[in-house]
Amino acid sequence: MEFLTLCTRSLLLLLFLTVMPFLLFCCYIKYIHFKYDYIPGPPRISFLFGHLPIFDKLTDEQKNTHEVFLQWAEIYGPVYRINALHKLMIFVTDPEAVKEILMSPKYQKAPEIYKAIVNLFGVRLMGNGLVTALDYNHWHKQRRIMDPAFSRPYLISLMGTFNDVAEHLMEKLEEKSDGKTEVSLHNMFSRVTLDVITKTAFGMENSSLNDVHDPFPHAIFMVMKGIMLQIRKPFTKFFPKNNQLIQEIRQSALLLRHAGQECIRLRKAAIQNGEEIPKDILTQILKCAELEENIDEEAMLDNFITFFVAGQETTANQLSFTVMELTRHPEILKRLQEEVDEVVGLKKNIEHEDLNKLQYMSQVLKESLRLYPPAPTTNRILHKEMMLDGIKVPANVALTFDTYVMGRMEKFFKDPLTFNPDRFSPDTPKPYYCYFPFSLGPRSCIGLVFAQMEAKLVLAKLLQRFEFEYVSNQSYEIMDIGSLKPRDGVVCRIKQRVK
C-alpha cells in the first residue's frame, strides 16, 4: 500500500512538473495576446501557434507566402501584427516608416529573423558576415573594407570576364536552338551567374555550365530551403521524418564552407609567393581579417558564403522572371530587341558604355524587380516605442518591410499587376519609399551595381542572338524558397534570330 501511495505521489509530481510549465507558457501567450491585440491583424489559426500553421501549409505547398502578406496589408492596413507562439512580428507598408527606419543606421536588423542565416541546423552558414552582422560598427568596418571590390573602376575591369562567361552561355544555348528542344532558362541562368561569381569574386576556375554534375547549384538550393524552413517551420528538426532532409541541408552548408576554405588557402599561398592578385571579393575578405582584430578563418568563411550564395541566386531569379514576362509581352520584347540592336549591334564584346546606353533595358529590369523581387523582405528591431501610421508599436519587436507587397499595391503603383517598364522612364515620378528590391539606406545591398551589370550583359546577349517561346504547359506562378523564383523554371524553345 505504501509503495502504491509512493508511486501515485511520484506520478502526480511528474504530472505537475510536466503540465505546470506548459500552463505557465499558455498564460504568457495569453498575456502577449492581451497586451498587443490592439494592433490590427488577421485572426489567429491557433491559440498556441498563432499564424504559424498558415505558413507551415504554404511552405509545404511551396506557395508564395508574400501573396498572403499582400492580402493582409489590403485588409488590415499599413501596420499589422502576426503572432508565432509568444513572438510578435509587425508588418509595415507605410512609406514614411520605410524612410525613417531603413534609411537610418540606428535600427539594427532583427536577431530573431537573421539567426536562421547565421547557423543552419547546427552548421555555421553566414555567421557574422555582411548580411547577418547586427552590430552596426562591426558591419560598417567590414563594409568599408569590402567597398573597393565593388567600386566602379574595378567593376568595369570585370567586363572581360562577364563577356567570356556570358558568351559561354550563348554557345550552350546555340546547341539547343533548334526551335524544338525545351530548355529551362532558370537552370541555365543559375549556372551562368554561379560561374560569374566564382570567377570574378573568388578566382575559381570551375564551370557549372560545362559540368551538369557540379554540386554547387544544388547546394545553394538546399541552403536556401534550409533557411526558409528554420524561419517558417521552426519545429522541422524535432520530427525524425525530416532527419534525411536536415542532413542534406547540413552537408550542403559544409560543402560551401569547405569550398571557401580551399579558396582562402590558395589565395593566401599566392600572396605569400608574391603573385599579383586581383582586388576581388576574396582579397577584400582577407584584408578584413588583416585589419580587424579577432577575425579568424570562420569569420572569413562567413563572407565567402554570403557573396557566394547571394551573388548567384538573386540575379538568376531576376533574369528568369524578366524573360518570363517578355514572353507574355511581345511589344515590350520587340522594343527591347530594337534597343539592343541599335546599341550593341553584332558585337560579341559588350562594353561598359554600351550597358549605360541600354536605358529601356534598365526600365525592364527594374519593373521585373518590382513585381518579382528575389529577396522581398528586410527586417529591423525597434529599441523603443514608436508611432507608425497612428498606431503605437511597442519596443523590442521585429518590423518587416516587404517590397513585394508594396510593389503590388494600387495606392503606390497604378495597375500594379501590369508589367509596364515605362513606370521607370527618366521623366516619370519615382516611387516614394515603396520600392526597395536591394533594401535601402546604409545597409542596402553592396552588390547592386554588380548584379545589374551582370543581368544587363546576359540579357543583351540573349536578345541579340535568340528568340524564345514559352512552353505552354507551364504556369506563371512564383515559388517561395526563401527567395522568389519561377515555379516551373521558365522552360522555353529557343531559335536563333533572323535579322
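The values are calculated or read from the model by the stated rules, or taken from the named source; none is laboratory data. Worth saying up front: this structure is predicted, and the values here are computed from it rather than measured. Methodologically, a virtual Cβ is constructed for each residue, glycine included, from the backbone with ideal geometry; neighbour enumeration extends over all protein chains shown.
Pairing residues of region 47-61 that are among the hydroxyl-bearing types (Ser, Thr, Tyr) with residues that are in a helix (DSSP H, G or I), at Cβ distances under 9 Å and at least 6 apart in sequence or on separate chains, gives Thr59/Thr65; Thr59/Met228; Thr59/Leu229; Thr59/Arg232.
For region 218-240, the criterion of being more than 30 Å from Leu58 (Cα to Cα) and of a type in the set (A, V, I, L, M) is met by no residue. The strands (runs of 3 or more DSSP E) located wholly in region 328-406 that include 2 or more residues which are assigned by TED's automatic domain parsing to the domain that holds Lys106 and either touching a Phe, Trp or Tyr at 6+ places or on another chain (Cβ under 6 Å) or loosely packed, with under 13 Cβ neighbours inside 10 Å (or both) occupy 377-381, 398-402. Candidates are the residues of region 92-149 that are in a helix (DSSP H, G or I), at pLDDT 85 or above and in contact with a Phe, Trp or Tyr (Cβ under 9 Å, 6 or more places away or on another chain); the one that is nearest to Lys287 (Cα to Cα) is Leu102.
Among the numbered conditions (1) surrounded by fewer than 16 Cβ atoms within 10 Å (Cβ to Cβ); (2) among the β-branched types (Val, Ile, Thr); (3) not in a strand (DSSP E or B), the only one that Val165 does not meet is (1). If I ask for residues that are closer than 28 Å to Met188 by Cβ and among the acidic types (Asp, Glu), which ones from region 411-470 would you list? Scanning region 411-470 gives Glu454, Glu467, Glu469.
Taking every residue in region 208-228 that is assigned by TED's automatic domain parsing to the domain that holds Arg191 and pairing it with any residue that is modelled with pLDDT of 90 or more and hydroxyl-bearing (Ser, Thr, Tyr), at least 6 positions away or on another chain, the pairs with Cβ-Cβ distances below 7 Å are Pro217/Ser190; Ala219/Ser252; Met222/Ser252; Val223/Ser252. Scanning region 453-476 for residues that are more than 18 Å from Leu369 (Cβ to Cβ) and assigned to a loop (DSSP other than H, G, I, E, B) returns Val471, Ser472, Asn473, Gln474, Ser475.
Among the residues of region 391-410, those that are within 23 Å of Leu85 (Cβ to Cβ) and under 18 Å from the mean Cα position of the chain (by Cα) comprise Leu399, Thr400, Phe401, Asp402. Return yes when Arg465 is of a type outside the set (A, V, I, L, M), at pLDDT below 90 and in contact with a strand residue (DSSP E or B) (Cβ under 7 Å, 6 or more places away or on another chain) and no when it is not. For Arg465, the condition - of a type outside the set (A, V, I, L, M), at pLDDT below 90 and in contact with a strand residue (DSSP E or B) (Cβ under 7 Å, 6 or more places away or on another chain) - is not met. When every residue of region 268-286 is checked against the conditions, none turns out to be closer than 30 Å to Glu175 by Cβ, in contact (Cβ under 8 Å) with a residue 24 or more places away in the chain, assigned to a helix (DSSP H, G or I) and out of contact with any helix residue (DSSP H, G or I) (no Cβ under 6 Å at 6 or more places or on another chain). Within region 425-452, being part of a helix (DSSP H, G or I) and either at pLDDT 95 or above or among the small types (Gly, Ala, Ser) (or both) holds for Gly441, Ala451.
Of the residues in region 210-217, not one is among the charged types (D, E, K, R) and part of a helix (DSSP H, G or I).
The condition of being in contact with a strand residue (DSSP E or B) (Cβ under 6 Å, 6 or more places away or on another chain), under 27 Å from Phe438 (Cα atoms) and in a helix (DSSP H, G or I) holds for only one of Ala259, Ala253, Ala316, that being Ala253. Taken residue by residue, region 251-261 has at least one member that is of a type outside the set (Gly, Ala, Ser) and either over 23 Å from the mean Cα position of the chain (by Cα) or modelled with pLDDT under 85 (or both). Within the set Leu120, Leu134, Leu155, the sole residue that is assigned by TED's automatic domain parsing to the domain that holds Thr306 and buried (at least 21 other Cβ atoms within 10 Å of the Cβ) turns out to be Leu120. Taken over region 38-89, residues that are in a loop (DSSP other than H, G, I, E, B), among the charged types (D, E, K, R) and either touching a strand residue (DSSP E or B) at 6+ places or on another chain (Cβ under 9 Å) or more than 20 Å from Pro376 (Cα to Cα) (or both) amount to 2. Each residue in region 207-223 was checked for being of a type in the set (A, V, I, L, M, F, W, C), within 20 Å of Val165 (Cβ to Cβ) and at pLDDT 85 or above, and 4 of them qualify.
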